[in-house]
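Below is one structure, written out as structure tokens, with a few remarks after it.
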Amino acid sequence: AEYMGVSRSFRMAFSAQWVQEALTEQQVRGGDQKFPALLRLLSDTTCKDSAEIFSSLSNCTTMIQLPQHSSLLDLILDHQNAQRWLCGGNDRSVRAAYSELLLSLASIGSSHIEKITSLLTKCLIPHEEAAGVEQFYDPVHQVLSKLVTLCPTSVSSLEANLISNFPHHRAQQYRLRVYLHNCLCVVRYCTSLLGTIFATIIQRLIALDVEIKLEQVDDMNQEEFVFELDIQEQHQPREHQQQSRNAEQEQMRELSDKLDVMMTEMFEFVLTPPCSQLIVFEAIMNEFQKVILKTHRSKYTQFLLFSMCAQHVEYARAFLSLLTQTFTSKQKHTVYRMNAVAYIASFVARNKAIPQQDVFVSFTLLSDWLKSYRSEFMLIHGKSALPTLHTNGLYYSVCQALMYIFCYHHKLILDPSSEAVLAGVPSGHGQYLRNCDLATIFGPPFHPLQVCLPDIVDEFKRVAQPQSSTLLPPPNVQSVTYKNALSLRTHLRGDGASAEINGTECLVEIFFPFDPYLLHKSSAFVKPFYRTWDDPAVQSESSASESDEETGSRLTDDGVAPMSFTPDCSADVFAHLNRVIGQPNR
């Protein structure tokens, strides 16, 4: 009572002396009075002298020894206590004094650094009451930023703890979003962790990404009320099917919402980074090579690169250069090369910011590769050899990619006023098209027009009509014989319609990774640079009335057909091949 009645300055002086005596008492004779009282004061949530005690401890941290004062250290570094002193309440003096104590402990030896970094990273794990309040964690970041400056050796410990504490991708949305936000805050004052943190974040994004089924994300809002009306009218088995589908759609909604908020955080960071944007771009490119490119059916994560490339043409060219190196490298697995081709086609087709010159360069690159591959194949196997899809799948992938780019840029490519000289053809536009030699590429012995996705082939034939003699094989060779198709299927099944990567079987599929971005909130970062498909065939009333059933399913509400030929973001060439050869007269 006498102590509480004196001035604050006297209390601080008294506290410093008293704390020193308590520490000495415990060290010399295993204290039975002041040291237990010190522990009780710190454990008391109503104690009003915490700031004075922390300040006193900061001035005598060298007196704190193990194991004599282990109970005191356990109390100071307790997670719940740390949150109370560092993040809870409005007493700035307590937060400041406790922060100073942690830094003082870290400065006297490495033995405390691991415990302190572990404590602080645990404080970044969100709790429900703090969800969405990023300022709640500001005191933690202030201590961490000072810690990595004061003790550079703490960075490795901080890195390990941030990664180990990252919530599982099935954790609640607010936990994922807030912890992701906190990790990005750490990168702002500790940029050396950028690569490692990005690697962990990309892994979480991909884990969510591959679980989302595209058609459910697109249909959820449209169908939920229809299901409710149908329940009363259907018999029991149908009701169970309906409930199961509703449950699956709700799960897809949760997954897509999680990914949406996380992608929003990532877009905001990569487009306005605290360091050089080039460093951020290189970090994402690194993860693209290691993870995203090799991930089956990734639909959204890669759009981080898409948006960055749209803002800097140098980044777009670096991205295309990487894809080209992967696609043309015979040391890479065929599946990865096919994926790289799909990325080239989808990126060139969809990104508005790509210069016309680069469209021609990419188109020329693909056509030249096809010509070279075809010539080499015929030289080795002869003109009458029958190619198989299993061993020549890359050829069909590139053919499909070439048609896909042409569908989006046919006006540019067919325009005589286009600067074809940029593609290295000084003799003009007509010669450029003849040099591409698409009529030969799409002819025998591969017959890609009969193997690639029918939607792409049909659209390509339609837009290529003005130059059909240059771009399409003669009508008499545009169809492959049923005998050859049946033989092709036999070869395909005999070799197996799959490939192995590191002993794991995976389907050899072609997909378009920059198909429409369906995550609502984060789509704002994509839309300004995204090219949608404007189908001329559905813009005239007569055409719409004649083929309403055909085009209706491809149109969005604003009358734009997205030209997304890839159900569930993938296009199985083998399935389409079976469809073709099941129709002998086609």
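All of the numbers you see were taken from the coordinates with simple rules; none came from a lab. What you see is a predicted model, and the numbers here were worked out from it, not measured in a lab. We place every Cβ from the backbone using ideal geometry, glycine too, and count neighbours over all the protein chains shown.
Odds and ends about this structure:
- Computed label-point distance, nm, for sites SER276 and SER70 using a 7 Å Cα→Cβ extension: 4.8 nm
- Local net charge near THR153, Cβ-Cβ under 13 Å (Lys/Arg +1, Asp/Glu -1): -2
- Listed by chain and number, the lysines whose C-alpha is less than 28 Å from the C-alpha of LYS34, apart from same-chain residues fewer than 8 away, are LYS48, LYS115.
- A straight Cα-to-Cα reach below 30 Å connects LYS521 with the lysines LYS122, LYS213, LYS258, LYS290, LYS294, LYS299, LYS352, residues fewer than 8 places away in its own chain not being considered.
- Separation of the stretch 286-346 and the stretch 38-111, taken as the distance between their Cα centroids, equals 50 angstrom.
- Computed 3J(HN,Hα) for the stretch 110-120, one whole-Hz value per residue from the Karplus formula 6.51 cos²θ - 1.76 cosθ + 1.60 where θ = phi - 60°, is 6, 5, 9, 4, 4, 5, 5, 5, 4, 4, 5, glycine and proline marked x.
- Equivalent-ellipsoid semi-axes of the stretch 53-209, from the Cα gyration tensor, Å, largest first: 28, 17, 13
- FRET efficiency for GLN80 and GLN142, using Cβ-Cβ distance with R0 set to 25 Å, rounded to 0.05: 0.80
- For the stretch 317-324, 3J(HN,Hα) computed residue by residue from phi via the Karplus equation (6.51, -1.76, 1.60; θ = phi - 60°) reads 5, 5, 5, 5, 5, 4, 5, 5 Hz, glycine and proline entered as x.
- Straightening the chain between ASP32 and SER469 buys 147.3 nm, computed as 0.36 nm per residue apart minus the Cα-Cα spacing.
- Label-point separation in nm, GLN20 to GLU314, each point 7 Å along Cα→Cβ: 5.9 nm
- If R0 equals 56 Å, the separation of the Cβ atoms of ASP44 and ASP415 corresponds to a calculated FRET efficiency of about 0.10.
- Potential lengthening of the chain between SER110 and ASN435 amounts to 110.2 nm, from the contour at 0.36 nm per residue minus the alpha-carbon distance.
- With 0.36 nm allotted per residue and the present C-alpha distance subtracted, the VAL291-HIS168 stretch has 42.5 nm of extension available.
- Other residues lying with their Cβ under 12 Å from the Cβ of PHE377 contribute a combined charge of +2, Lys and Arg counting +1, Asp and Glu -1.
- Förster-model FRET efficiency, 60 Å R0, THR62 and LYS527, C-beta, rounded to 0.05: 0.55
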